[in-house]
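See below for the structure under consideration.
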Amino acid sequence: MELLVASAIGILTAAGVYLTLRLRTFPVILGISLLTYAVNVFLFASGRLSVGAPPILTDATVYTDPLPQALVLTAIVISFGMTAVVVMIALGAYLGANDDSIDDPIATADDQVEDQA
């Protein structure tokens, strides 16, 4: 079980880093979302993976720590709100410039002549 969760965290992190390094706005947003999911799974797994254990402290001998669950729930809500804000900012930038590229603007012919001199 731990190997599966660790592999999922690694795959989510690798895909998130790859998409974050792209030169378009929306793949960067998806990459940041994947990195957020990887961190959430990591936090959730830090509370010990146990099947069939209660998530609260009772008289049970085996229990699951509720703190990582609360942290992940809070992180999901915050990441959803921040993703909505970033998508709206990116959409406004795309509609204003008709391009979602995040690299430097294309140099004009006058700028190229000055660079050659």
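The values are calculated or read from the model by the stated rules, or taken from the named source; none is laboratory data. Every value quoted in this text rests on a predicted model; they were computed, and no experiment measured them. Every residue, glycine as well, gets a Cβ built from its backbone with ideal geometry; the counts of neighbours run over all protein chains shown.
So here's what we get for this one:
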{"item": "Odd one out for residue 103 among (1) under 27 Å from residue 18 (Cβ atoms); (2) modelled with pLDDT of 80 or more; (3) not polar (S, T, N, Q)", "result": "(2)"}
{"item": "Those residues of the stretch 71-100 which are of a type in the set (A, V, I, L, M), surrounded by 11 or more Cβ atoms within 10 Å (Cβ to Cβ) and over 14 Å from residue 37 (Cα atoms), in sequence order", "result": "86, 87, 89, 90, 91, 93"}
{"item": "Residue 111 being charged (D, E, K, R), modelled with pLDDT under 85 and assigned to a helix (DSSP H, G or I)", "result": "yes"}
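To keep it simple, each residue is scored yes or no on (1) part of a helix (DSSP H, G or I); (2) in contact with a helix residue (DSSP H, G or I) (Cβ under 6 Å, 6 or more places away or on another chain); (3) under 28 Å from residue 99 (Cβ atoms).
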{"site": "5", "(1), (2), (3)": "yes, yes, no"}
{"site": "11", "(1), (2), (3)": "yes, no, no"}
{"site": "35", "(1), (2), (3)": "yes, yes, yes"}
{"site": "43", "(1), (2), (3)": "yes, yes, no"}
